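A short write-up of the structure that comes next.
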Amino acid sequence: DKKVKPYQGKYNGRIDYTLTGSDTYAALTRSINGSWDGNTKLTFWASSDGKGAQKMQVQIRSGGAPFNCMIEVPEGGREFALSFSDFKLADWYPDKSAKLNLQSIDSLVFNFETKTTVKRSVYIDMIEAKS
């Protein structure tokens, strides 16, 4: 394993996950229960664990509805600025009329999914809703 260098000296979070083929996903959820009104994007820094890039789904839940944006987290890390317009309602969600309401953010979720066996980590720092 390569040593992952921290962003600005500290990590806000390290997500360790193991998936075993029969498992399909792992997730870390952070409750928000607040408003991001007046903001246009979600920004954060993320880095893979030194074992290659990995796909991560960033999900915002608003009024119970899940809105997703898929990204690829590189080795060495990078800053992300995801426009709220990039988040799309999950295909499986039954209420197709649901809209992302920035005045009612339930949670922020980081999801990982695979059909193979993996043991990985992702480092995340500097999470902010910004205008």
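The single condition among (1) of a type outside the set (Ser, Thr, Tyr); (2) modelled with pLDDT under 95; (3) open to solvent by 20 Å² or more (accessible area, probe 1.4 Å) that Lys99 does not meet is (2). Scanning the range 38-55 for residues that are surrounded by 12 or more Cβ atoms within 10 Å (Cβ to Cβ) and either modelled with pLDDT under 90 or over 17 Å from the mean Cα position of the chain (by Cα) (or both) yields a total of 3. Pick from the range 82-131 the residues that are part of a strand (DSSP E or B) and among the hydroxyl-bearing types (Ser, Thr, Tyr): which of them is farthest from Thr40 (Cα to Cα)? Applying the filter and picking the extreme gives Thr117.
Scanning the range 54-73 for residues that are out of contact with any strand residue (DSSP E or B) (no Cβ under 6 Å at 6 or more places or on another chain) and free of Cβ contacts under 8 Å to residues at least 40 places away in the same chain yields one hit, Ala65. The set of residues from the range 14-37 being within 15 Å of Gln103 (Cα to Cα) and open to solvent by less than 60 Å² (accessible area, probe 1.4 Å) comprises Ile32, Gly34, Trp36. For the range 11-32, the set of residues classified as outside any strand (DSSP E or B) and under 16 Å from the mean Cα position of the chain (by Cα) consists of Tyr11, Asn12, listed by residue number.
Here's the yes/no breakdown for (1) under 29 Å from Thr18 (Cβ atoms); (2) in contact with a helix residue (DSSP H, G or I) (Cβ under 7 Å, 6 or more places away or on another chain); (3) of a type in the set (Phe, Trp, Tyr):
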| site | (1), (2), (3) |
| --- | --- |
| Met70 | yes, no, no |
| Phe80 | yes, no, yes |
| Ser83 | no, no, no |
| Asp91 | yes, no, no |
| Asp125 | yes, no, no |
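The values are calculated or read from the model by the stated rules, or taken from the named source; none is laboratory data. Remember, it's a predicted structure, so these values are computed and weren't measured experimentally. We place every Cβ from the backbone using ideal geometry, glycine too, and count neighbours over all the protein chains shown. Just so you know, the surface numbers come from the protein's heavy atoms only, side chains and all, with ligands and any DNA or RNA stripped out. Shrake-Rupley method; radii C 1.70, N 1.55, O 1.52, S 1.80 Å.
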